[in-house]
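Report on the following structure.
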Amino acid sequence: MKKKDIIEGKIIKTEFPNKGTFICEDQKVTVKGVIDGQTIKGQVTKKRKSGCVVRLLDVLEKSPLEDAKPVCPHFGICGGCFYQTVSYENQLKIKEGMVRDLLKDHVNDDIWEEIKGSPKVHGYRNKMEFSFGDEVKDGPLALGMHKKNTFHDIVNITDCQIVDNDYNLIVKCALNIAQQMELPFYHKMRHEGYFRHLVVRRAESSGDILVNIVTTSQVEADLTKLRDALLELPLSGKIIGILHTTNDSLADVVQADKIDILYGQDYFYEEILGLKFKISPFSFFQTNTLGAEVLYKTARDFVGETKDKVIFDLYSGTGTIAQMLAPVAKKVVGVEIVEEAVEAAKVNAELNGLDNCEFIAGDVLKVVDELEDKPDFIVLDPPRDGIHPKAIQKIIDFGVEQMVYISCKPTSLARDLEVFEAVGYKVKRATAVDQFPNTVHIETVVLLSQQKPDDTIEIDLDLDELDATSAELKATYQEIKDYVLKEFGLKVSSLYISQVKRKCGIEVGENYNLPKSENARVPQCPKEKENAIKAALKYFAMI
């Protein structure tokens, strides 16, 4: 098997988000965009000693899990909604299985709570960003989503199923008027053109809609006709604001150099769990309102009793979690790096009559050193990449007994749990909450509890039945190193061995392999080497 070869195989395992593996010519093959049990055809793109990477070309046979028909006419062309051929019941099983597999070293059956689904499977998104472009090079103007596996081509969206039908009517209208105006879309490579994006937000509670037309400043255009056409649409909701955002950034992101209000106002109100939130064009808010209620109820349940407690909500966004906890807490302090989100959080707290919330703009890594309050409980809701390694240590240094960690990327969560568990925190409760039906994404919530030395139980031991030989004397560090090198081909240090020994409850000299200074940075044993050292400890009957 070599690069560019076309091969076939049956997927035997999938990992988050949708990366599958199969065996071909006694080699492990990895391919993205598949479902467990599918038989696929792909082209080899990378060849390594450990196996090869394949680009998916075709699905030859469906998976037994594929038991539904796609409801969206854009399925397979649009890059979203990967799981449309899978019933929602099976989608939840797939996602739960992937999360459980990622967290298997941290979460057992006793503490795992069944995955929670979204109240709505279709029409659940409250915000969509549509892009102007063309479906083929130099083709007619299009407005919709990026075509699967492409950066440039756009799929005209006429009947998207994860949004209310109001969105589809607005997209069709905007494209029709834009085509009549005969102005070009913005070419990302040439940095030329006018139309860039159409952003639509809709309140679940009221049906109020904000429409934001994003263009460059390269053309002086009159958008009155587009505004009037949008206002005449027979929508189930109501447009309460039409905005024109000017964006000359080279990056393919929606941001504002200037915002003009073409009609109405630039905000609406959304309600969640009895609280009111002001939503503006660039406010961060969970994209599935009803799903967010499930997520936040779960987080609140995991937090538990909060009376007379000071709670830190780190990576607080617009302060939704903080404001849920504030009525039953002594004080809540939210820290968020995005200043606009912090300002929105302050407005929303005032809107809800909460005077025990404090919101601070800044990087968690830096801000925690400046906080005057000391937390009794910490809630973590970091971005997809998880918590910065230096920030984790500062969070640990607060010494709180419990934390709730909300993660939108379970691979990042699994990595961070390694660090927390190394200093004595253990997962006490865990579950997954699906906010993104038909897609590969999933939220995970865990409750971490610090295990103190007095967390013990009394047991009776018959010493005659025990091997009285000290575990530490059964193998030297050098013997462990030799075994790991021979059996696994890995070189491990005494530092790594002592770290794994401590994890396994084996006594190590009080100061053995500890850092010489308080702030010294200590490398942590990689998972592969940790598993190899544990195998050696088992071989020498030390664990």
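The values are calculated or read from the model by the stated rules, or taken from the named source; none is laboratory data. For clarity, every value in this text was computed on a predicted model and none was experimentally measured. Cβ: placed from backbone, ideal geometry, glycine included. Neighbour counts: every protein chain shown. Protein only, heavy atoms only, side chains kept; ligands, DNA and RNA dropped before computing areas. Shrake-Rupley method; radii C 1.70, N 1.55, O 1.52, S 1.80 Å.
Summary of values
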{"read-out": "In segment 9-50, residue farthest from Thr85 (Cα to Cα) [restricted to those that are acidic (Asp, Glu) and surrounded by 13 or more Cβ atoms within 10 Å (Cβ to Cβ)]", "value": "Glu15"}
{"read-out": "Flag for Val446 being within 19 Å of Phe312 (Cα to Cα) and either touching a helix residue (DSSP H, G or I) at 6+ places or on another chain (Cβ under 6 Å) or modelled with pLDDT of 95 or more (or both)", "value": "yes"}
{"read-out": "Any hit, segment 351-363, residues being of a type in the set (A, V, I, L, M), surrounded by 17 or more Cβ atoms within 10 Å (Cβ to Cβ) and touching a residue at least 40 places away in the same chain (Cβ under 8 Å)", "value": "no"}
{"read-out": "From Glu343, Glu358, residue being in a strand (DSSP E or B), out of contact with any Phe, Trp or Tyr (no Cβ under 6 Å at 6 or more places or on another chain), over 21 Å from Ile209 (Cβ atoms) and acidic (Asp, Glu)", "value": "Glu358"}
{"read-out": "Any hit, segment 290-301, residues being touching a Phe, Trp or Tyr at 6+ places or on another chain (Cβ under 9 Å), polar (S, T, N, Q) and crowded, with 18+ Cβ neighbours inside 10 Å", "value": "no"}
{"read-out": "Which numbered condition Val368 fails, given (1) touching a helix residue (DSSP H, G or I) at 6+ places or on another chain (Cβ under 6 Å); (2) surrounded by fewer than 22 Cβ atoms within 10 Å (Cβ to Cβ); (3) at pLDDT 95 or above; (4) aliphatic (A, V, I, L, M)", "value": "(3)"}
{"read-out": "Top-ranked residue of segment 302-331 - restricted to ones that are part of a strand (DSSP E or B) and in contact with a Leu (Cβ under 8 Å, 6 or more places away or on another chain), ranked as surrounded by the fewest Cβ atoms within 10 Å (Cβ to Cβ)", "value": "Leu314"}
{"read-out": "Single residue of Leu210, Leu235 found to be under 17 Å from Val163 (Cα atoms), of a type in the set (A, V, I, L, M, F, W, C), at pLDDT 95 or above and part of a loop (DSSP other than H, G, I, E, B)", "value": "Leu235"}
{"read-out": "Count - residues of segment 257-281 that are open to solvent by 30 Å² or more (accessible area, probe 1.4 Å) and either in a strand (DSSP E or B) or touching a residue at least 40 places away in the same chain (Cβ under 8 Å) (or both)", "value": "16"}
{"read-out": "Some residue of segment 156-177 being of a type in the set (A, V, I, L, M) and either more than 23 Å from Leu230 (Cβ to Cβ) or without any contact (Cβ under 8 Å) to a residue 12 or more places away in the chain (or both)", "value": "no"}
{"read-out": "Hits in segment 180-211 (condition: under 27 Å from the mean Cα position of the chain (by Cα), over 16 Å from Glu135 (Cα atoms) and either among the basic types (Lys, Arg) or open to solvent by 20 Å² or more (accessible area, probe 1.4 Å) (or both))", "value": "Arg201, Arg202, Glu204, Ser205"}
{"read-out": "The lone exception for Leu102 - which of (1) open to solvent by 30 Å² or more (accessible area, probe 1.4 Å); (2) farther than 25 Å from Asn288 by Cβ; (3) touching a helix residue (DSSP H, G or I) at 6+ places or on another chain (Cβ under 9 Å); (4) of a type in the set (A, V, I, L, M) it fails", "value": "(2)"}
{"read-out": "Any chance Leu226 is at pLDDT 95 or above, in contact with a helix residue (DSSP H, G or I) (Cβ under 9 Å, 6 or more places away or on another chain), surrounded by 16 or more Cβ atoms within 10 Å (Cβ to Cβ) and part of a helix (DSSP H, G or I)", "value": "yes"}
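So that you can scan it fast, the table gives a plain yes or no per residue for (1) modelled with pLDDT of 95 or more; (2) open to solvent by 50 Å² or more (accessible area, probe 1.4 Å); (3) assigned to a helix (DSSP H, G or I):
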| site | (1), (2), (3) |
| --- | --- |
| Lys69 | no, yes, no |
| Pro73 | no, yes, no |
| Gly80 | no, no, no |
| Glu89 | yes, yes, yes |
| Asp109 | no, yes, no |
| Ile115 | yes, no, no |
| Lys120 | yes, yes, no |
| Met128 | yes, no, no |
